[in-house]
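Peer 1: One structure, pasted below without further comment.
The values are calculated or read from the model by the stated rules, or taken from the named source; none is laboratory data. The structure presented is a predicted model; accordingly, all values stated were derived computationally and were not measured. For neighbour counting, all protein chains shown are included, and Cβ atoms are generated from backbone atoms with ideal geometry for every residue, glycine included. For accessibility, only protein heavy atoms count, side chains too; no ligands or nucleic acids. Shrake-Rupley method; radii C 1.70, N 1.55, O 1.52, S 1.80 Å.
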Amino acid sequence: MTRRRALLIACDEYDDPKLSRLRSPAHDVQVLARLLGDPTVGAYDVRLLVNPTEHEARLEIARLLRSAGRSDHLLLFFACHGRRDIDGLLYLALADTDVDDLPATALPTELINRLLNRSACQRMVLLLDCCFSGAVSRVLTHQGDAGVRGGDLFPGEGTGRAVLTATTAHEYAWEPAGEPLPLTDNPRHSVFAGAVIEGLRTGDADLDGDGLVSADELYRYVRDSVAVAGGQTPRRWMYGEGDLYVARSSRGPALATAAGRTAPLPPAGVEVRDGRGADRSDGPVPPRQRPVPWAAERLHWEAGLPEPVERMLRGSADRTGWLALRAGSWDEATTGFEAAVRVDGTAGAWWGLGISHAIGGRWRAAGHAFAAAAGGLREAPPDHPAPTAALTAGALLLAVVTLRAGGDQRAAQVLTDSVDALPLCPPLLVLSAAWAGDGAALTRAFLLDPEMAVECEAAGMEIGPAVQEAIACGEAQVRRLDVARTRLRATDPAWSGGPAGDGGPEGVWRPPLARLPEVRRAVEVRRDELISLLHARQLGVRDALRAPVPDGGGAVVADIRNAIHTGHEALRATDRPAPLAAVGIPPIRPMRSI
């Protein structure tokens with residue numbers, strides 16, 4: 001019989017004075033335990049562990065994983081301080097942790113991953129609510145077994161592992177309302193745990209309305225909720241097949257049959273049609289085709305890559321493929337790149353193979369090749385000569401459009417993951433807006449790069465409302481930057497900077513597509529000045545802390561610190577787009593007259 005078991009570990013009091021006391025963790029896990037233990041919601045057998053020592057937590061985790069059966073479903077939730085060692089590995093701080101001796105006194109996430117792999121259980125969900133929690137990705141590995149059937153409580157459930165973290169590897173986890181101290185002095189929920197609890201309590205995390213909350217849906221709900229608070233970016237890693245269901249919800253189809261039993265879930269990976277006959281699958285299903293730039297069928301694949309981009313990607317093993325591609329020998333190019341992939345599997349070899357498949361109209365194969373190229377670029381060393389962020393964006397975009405052209409439903413998931421990985425990539429935001437109906441993404445894309453609006457209009461997209469919203473957002477950003485600049489200048493009247501730019505002559509009407517780049521330029525000018533001011537004032541704070549503080553000097557330093565915080569918050573709202581000058585996207589094929 002399938003068992004659903006949850007272990008929630010929270011630590012808010014520490015022996016080491018270098019670890020500040022926390023207010024949220026114990027409260028978070030108590031509320032979460034009630035939800036997960038509710039038979040109508042999570043249906044877990046829940047065990048709470050509050051303020052354990054490292055040994056107690058390790059022992060509890062090991063016992064749970066050792067006793068779990070193959071068909072069981074386990075959920076582990078940690079709320080505590082997170083610390084990284086000199087190698088960047090993540091440790092979870094428990095009651096007796098000594099910050100100066102992490103390997104001996106804190107719980108290493110590498111150990112948690114090893115225990116997960118040793119367990120017979122094939123359904124696991126891990127949630128980490130701590131600072132730097134995204135650093136867990138350095139140790140994640142998964143040993144799966146697809147031969148496990150659905151459980152009794154959630155029939156049709158998939159197998160594998162889902163890991164959800166509150167932050168990236170370099171961010172703090174925060175309390176609500178932008179408090180400047182991480183996870184402290186606030187009796188309410190942490191930003192991450194609060195989103196998890198709200199999504200399960202209200203059922204809003206059931207994004208497809210089928211009455212069930214999968215780990216993937218919970219992540220997407222939490223990601224969007226945390227984005228409103230700002231300051232941290234949740235991350236996820238998924239392994240295995242099918243969906244892992246965290247809870248039921250009151251939304252969507254009824255959960256009980258006339259006999260009072262749980263309604264069976266659809267088999268993993270099988271498409272379902274609702275009462276209107278619309279397809280519904282694991283991820284967001286794009287609506288009917290809308291005109292967008294960079295549709296696979298519109299790209300001139302035979303043109304290959306611009307010479308500088310090809311030179312950056314080309315390796316020794318794939319030289320034959322690139323030469324054949326330039327000579328127009330498509331079959332020879334495919335053979336050459338396939339051989340290169342078998343030899344070293346570089347990003348360049350995969351990219352060339354993707355182009356070869358696209359020329360032949362083999363869209364799904366092309367999409368898989370471009371996705372592999374993106375993976376290779378993500379793993380490139382820091383000293384790699386190519387602009388890996390920009391090229392990764394290009395590879396992901398090509399993977400999305402070719403998978404979609406081939407009717408592969410994974411295109412939607414790849415697009416979601418791509419926007420998560422590169423949230424400042426305007427073309428990916430445009431695709432998300434066009435295919436997932438995300439109007440906010442279109443507005444953000446236009447504000448980041450006004451040229452996107454011109455390309456989308458040329459493709460036949462309806463852009464009027466998004467352009468107007470982008471202009472309004474840009475003007476609001478200008479005002480926020482002006483407020484931050486004024487506040488920073490007030491802390492040092494002697495400082496003088498260059499004149500601030502403006503948004504163009506007032507009182508003169510200009511078409512929205514002309515006004516949008518002007519507003520963006522005004523944002524950039526103010527942003528650059530604010531960066532200079534922040535740099536100067538942060539140095540001023542250091543100097544003030546070194547020197548004896550005169551009467552009233554403490555208040556001055558506090559004012560400067562508040563002004564710096566205001567400046568950083570203003571800059572965060574004016575993100576710069578990922579560099580996309582040369583990302584290897586083939587030119588759009590000219591339209592031929594009939």
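Peer 1: Place the peptides 342-348, 568-574 in order of packing, highest mean first, counting for every residue the other Cβ atoms within 10 Å and averaging per peptide.
Peer 2: Highest to lowest by the protection proxy: 342-348, 568-574.
Peer 1: What whole-number volume per residue, in cubic angstrom, does the convex hull of the C-alpha atoms of segment 11-64 give?
Peer 2: Hull volume normalised by residue count: 68 Å³.
Peer 1: Each residue of segment 199-212 in turn: what ³J(HN,Hα) in whole Hz from Karplus with 6.51, -1.76, 1.60 and θ = phi - 60°, glycine and Pro shown as x?
Peer 2: x, 7, 5, 8, x, 5, 6, 7, 5, 9, x, 9, x, 9
Peer 1: Hey, with R₀ at 35 Å, roughly what FRET efficiency would residue 562 and residue 38 work out to, going by the Cβ-Cβ distance, to 0.05?
Peer 2: It comes to 0.25.
Peer 1: Taking the Cα-to-Cβ direction at residue 172 and at residue 339 and moving 7 Å from each Cα, how far apart do the two end points lie in nm?
Peer 2: Simple spin-label model gives 5.7 nm for this pair.
Peer 1: Suppose R0 equals 56 Å; then what is the FRET efficiency for residue 303 and residue 13 from their Cβ-Cβ distance, rounded to the nearest 0.05?
Peer 2: E between residue 303 and residue 13, to the nearest 0.05, is 0.35.
Peer 1: Sorting 67, 119 by accessible area (1.4 Å probe), largest first, what list results? Could the numbers behind the result be given before it?
Peer 2: Working: 67 55, 119 15 Å².
Ranked list, largest accessible area first: 67, 119.
Peer 1: OK, next. May I ask you to order 162-172, 28-38, 421-431 by the average number of other C-beta atoms within 10 Å around their residues, highest value first?
Peer 2: For the peptides 162-172, 28-38, 421-431, the packing ranking is 421-431, 162-172, 28-38.
Peer 1: With a Förster radius of 30 Å, plug the Cβ-Cβ distance of residue 48 and residue 104 into 1/(1 + (r/R0)^6) and report the FRET value to the nearest 0.05.
Peer 2: Computed FRET efficiency for residue 48 and residue 104: 0.70.
Peer 1: Determine, for each peptide in 217-223, 237-243, 366-372, the mean count of other beta carbons within 10 angstrom over its residues, then list the peptides with the highest first. Each step should come with its number before you reach the end.
Peer 2: Numbers: 217-223: 23.0, 237-243: 18.9, 366-372: 25.3.
The peptides rank, most packed first, as 366-372, 217-223, 237-243.
Peer 1: Turning to a different aspect of this structure: Roughly what % of Cα-Cα distances in segment 1-144 sit above 20 Å, to the whole percent?
Peer 2: 46 percent
Peer 1: Compute the length gained on full extension between residue 531 and residue 472: take 0.36 nm times their separation in residues and subtract their Cα-Cα distance, giving the result in nm to one decimal.
Peer 2: Roughly 18.9 nm would be gained on extension.
Peer 1: Once the other residues with Cβ under 10 Å from the Cβ of residue 100 are scored (Lys, Arg +1; Asp, Glu -1), what is the net sum?
Peer 2: Here the count lands on -2.
Peer 1: Given the alpha-carbon gyration tensor of segment 349-455, what are the semi-axes of its equivalent ellipsoid in whole angstrom, ordered largest first, with each equal to the square root of 5 times an eigenvalue?
Peer 2: Values: eigenvalues 96, 67, 26 Å².
Its equivalent ellipsoid spans semi-axes of 22, 18, 11 Å.
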